[in-house]
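Only the coordinates and a few stated rules stand behind these numbers; no lab work does. Predicted model, so just to flag it, every value in this text is computed and none were measured. As a convention, Cβ positions derive from the backbone with ideal geometry for all residues, glycine included, and neighbour counts pool all protein chains shown.
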Amino acid sequence: IKTKLFLWSLEKGRKFRLIKEAGKNPNVILSAENKLADKLVFSKIKEKTGGRTKFMLSGGGALPKNVGEFFGDLGIRILEGYGLTETSPVMSVTEYDRQIYGTVGRIIPGIEVAIQNIDTRKIYTIQTHDTFKLEFKSEEGEIITRGHCVMKGYWNKPEETKNVIDEDGWFHTGDIGRFYKGNLQITDRLKNMLVNSFGKNVYPTPVENTYLKSPKIEQIFLIGDKREYVTAFIIPPKEILQETFGLDEAFFEQKEVFISDQHIIDWINTDIKKLSNELAKFERIKNFKVKRNPFSMEEGEITPTLKAKRKVIEKKYAEAIDALYAQEIDIN
């Protein structure tokens, strides 16, 4: 009952938010339903943040689109900023009255931000605070910037400085992104990029965020570099797994790292298939393993900012990864 009430409330909150963001007024019935959802569910969550929270600020790591939308459904805006230590540190920030989930806002005044082709170094577009256009979209590439926010260089490290600041004064962030509806949108870190055996670039973060829309998925780790297709390790939320399949604590204390119960695998696979339709064919998960417990800092698998340590995970679970590609599957 609690799960159904929670999902019902989120559905009403989402409908209410989308209508408001479109500049329209929700009808009387939806307004009443949203008010009830707030009283029964949202207010309980808001109490955990102090009870009077109107907006939050996010930075230090990319905020998954579904997380921003979730808080938006509760009636709490999240303003996300973007930048690096080398850029002092802000380059863009979300405007309070304009939420474009999955973006990091408008370029701040006084600097230039460009999108550059990773291979050819061609600059697709250069944008500033003043060139802002509501519906502007650009090609995807590395995000580079120059202006008053950019550092002079690394102290006593001329070679390192030369590697990140080119002869035209552009600082290379190492982040992949584009402009979307006028705002800057981060796709992934350049170093995280997977290149499949056909030469297609796969950026894990946006693909993982697509699958994280499923309430059955708490963590996901994408695999596919130099491989024919994409696979993944998936960790479902413990509470939902217990509630759905009547599992006790002993289940999560078993030594086997991965879950072999076909009912659980099929249960997750229904959402994998559905969400895969939102992705290009070469980005879709073709096979996966269900990990019993989340990746953790204690095991050295994630950083303090909860980012997966790709090399550590790939080395630690190399045998399981090979098994994913040893099975015969339909890759079409």
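For the chain, set up a Gaussian network in which alpha carbons nearer than 10 Å are linked by springs, and say which option among 194, 57, 74 fluctuates the most. Top of the fluctuation ranking is 57. Treating r as the C-beta distance of residue 120 and residue 323 and R0 as 35 Å, the FRET efficiency rounds to 0.35. Annotation for residue 180 and residue 305: the two label points, set 7 Å from Cα along the Cα-Cβ direction, are 2.0 nm apart. Rounded to the nearest 20 debye, the dipole size of the chain about its Cα centre is 1000 debye, using +1 on the Cβ of Lys and Arg and -1 on the Cβ of Asp and Glu.
Assuming R0 = 22 Å, can you tell me the calculated FRET efficiency for the pair residue 168 and residue 139, based on Cβ-Cβ distance, to the nearest 0.05?
Values: r = 19 Å, r/R0 = 0.87.
Efficiency for this residue pair is about 0.70.
Selection among 190, 136, 207 by position relative to the dipole of the chain gives 136 as farthest towards the positive end (Cβ unit charges, Cα centre).
How would you classify the stretch 1-52 from its alpha-carbon gyration tensor, with a ≥ b ≥ c the square roots of the eigenvalues: rounded for a/c under 1.5, else prolate if a/b is greater than b/c, otherwise oblate? Intermediate values should be presented prior to the final figure.
Values: a/c = 2.15, a/b = 1.42, b/c = 1.52.
It comes out oblate by the Cα gyration axes.
Between residue 49 and residue 131, the modelled label-to-label distance comes to 3.4 nm, taking each label 7 Å out from Cα in the direction of the beta carbon. Sparse packing (at most 11 other Cβ atoms within 10 Å of the Cβ) combined with a DSSP loop state is found for the following trypsin sites (Lys or Arg not before Pro) in the stretch 1-32: 24.
The slack between residue 152 and residue 260, meaning 0.36 nm per residue of separation minus the straight C-alpha distance, is 33.5 nm. In terms of its alpha-carbon gyration tensor, the chain comes out oblate; a/c meets the 1.5 threshold, while b/c is at least as large as a/b.
Let me know the longest stretch in the chain that avoids all chymotrypsin sites (Phe, Trp or Tyr not before Pro) found in a DSSP loop with at most 15 other C-beta atoms within 10 Å. Present the calculation step by step, with values, prior to reporting the outcome.
Working: sites that count: 96, 132, 136, 154, 155, 198.
Value returned for the longest uninterrupted segment is 199-332.
For the stretch 183-280, what does the alpha-carbon gyration tensor say about shape, rounded, prolate or oblate, given a ≥ b ≥ c as the root eigenvalues, a/c under 1.5 as rounded, and a/b over b/c as prolate? It is prolate, given that a/c is not under 1.5 and a/b is the larger ratio.
Only Cα pairs under 8 Å and 6+ residues apart enter the sum, and on that basis the relative contact order of the chain stands at 10 percent.
Express the relative contact order of the stretch 1-52 as a whole percentage, based on alpha carbon pairs under 8 Å and six or more residues apart in sequence. Before the final figure, lay out the partial values.
Numbers: 25 pairs, mean separation 20.4, N = 52.
Value for the stretch 1-52: 39 percent.
If each residue of separation counts as 0.36 nm, what is the full-extension length gain between residue 22 and residue 278 once their alpha-carbon separation is subtracted? So the extension gain works out to 89.9 nm.
Find out how many positive minus negative residues lie around residue 75, taking Lys and Arg as positive, Asp and Glu as negative, among other residues whose Cβ is under 9 Å from that of residue 75. All intermediate terms of the calculation are to be shown ahead of the outcome.
Values: positive: 17, 46, 54, 77; negative: 38, 73.
Overall, the nearby charge balance is +2.
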